[in-house]
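Report on the structure given below.
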Amino acid sequence: MSPPDAPAIETDGLTKRYGETTAVAGLTVTVDRGTIYGFLGPNGAGKTTTMRMLTTLTKPTSGTARVAGQPITDRESVTPHIGYLPEEPPIYDELTGREQLEYAAGLRDLPEAESTERIESLLERFDLRADADRRIEGYSKGMRQKVGVIQAVLHEPDVAFLDEPTSGLDPRAARTMRNTIADLADQEMTIFLSTHILPVVDELADEIGVLHDGKLVAQGEPETLKSRAETGESRSLEDAFLEVTQKHGGDAGQSAEPPAE
Ligand SMILES: Nc1ncnc2c1ncn2[C@@H]1O[C@H](COP(=O)(O)OP(=O)(O)OP(=O)(O)O)[C@@H](O)[C@H]1O
């Protein structure tokens, strides 16, 4: 169990360097339990590197972090508490969708009855039941994405790290994804959500952090970020994003184009 009062995520000066490149520079953030944290930033800002550190896949160069109260240096204690959907979901083409999910449940030591029930209900929810016994090699990008997300939350982790969860999904599936994320947060799961699709973050996030060149350049509730400090007048999240990433240098405008869902 994680300590009951610990924040879901707590980082202090988290830094990652690759040779001359500083991918993440002294990141200090706190994410409360049961909230949805929208993690934004232009291409190359350091979002994936941050998520890889928080999921113990990459070691920080310096700084510390705790996820579900566990230090990220202790991989074995962090892993049971987290789920991760990376940009390319780790799935086996030769398995069927259902076999892949059963395999993922097995890795998490989920009791069979519980995992069967959850797998069936998530397959149903994502409209994948009819294809669940086909091999993944024949799946579309969106179907693979659905399998990736289901396996990231199947074991009901305390914290789910989702990198572009709506990528490749048609509008109906993207809506199912957004509703699922909101439901999971209602059930006290913390969602660390990275996406370039700003309306998704605007709709879902309780708190937003904007990363630029490895540094956190803005943080707050969506409404706060959207309100202009000088006049109090509201602007779109896209305008706010462009402004904070422009102010801190770089050609943020290029990277803020929302990709098609
Ligand atoms: N394994 C690596 N070796 C060297 N440099 C790396 C490595 N991984 C990331 N970087 C560099 O670190 C910086 C941050 O990359 P990262 O992938 O974390 O950005 P991102 O915000 O996830 O970008 P995107 O939105 O394009 O996915 C980039 O300059 C990238 O080139």
Practice prompt. Could you work out the relative contact order of region 90-171, using alpha carbon pairs under 8 angstrom and six or more residues apart, expressed as a whole percent?
Written response: 38 percent
Response to the item:
Once normalised by the length of the chain, the mean sequence separation of its alpha carbon contacts under 8 Å that are 6 or more apart gives a contact order in percent of 24 percent
Worksheet item: For region 28-97, what relative contact order do you get, as a whole percent, if you take Cα pairs closer than 8 Å and at least 6 residues apart?
Response: 18 percent
Item to complete: Before rounding to the nearest 500, sum -39500 (n - 2.57) across all DSSP H runs of length at least 4 in the chain and divide by the residue total; then give [θ] at 222 nm in deg cm²/dmol.
Response: -10000 deg cm²/dmol
Worksheet item: Which aspartates and glutamates does Lys215 reach when only Cα atoms under 18 Å apart count, and residues fewer than 8 places away in its own chain are ignored?
Response: Glu10, Asp12, Glu20, Glu207, Glu243, Asp251
Worksheet item: So for the chain: antiparallel DSSP bridges make up what percent, rounded to the nearest 5?
Response: 55 percent
Worksheet entry | Range of Cα positions in region 9-253 per principal axis (Å), largest first | 55, 38, 32
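Since every read-out is calculated from the coordinates, none of them should be taken as a lab result. Computed from a predicted model, the values in this text were never measured in an experiment.
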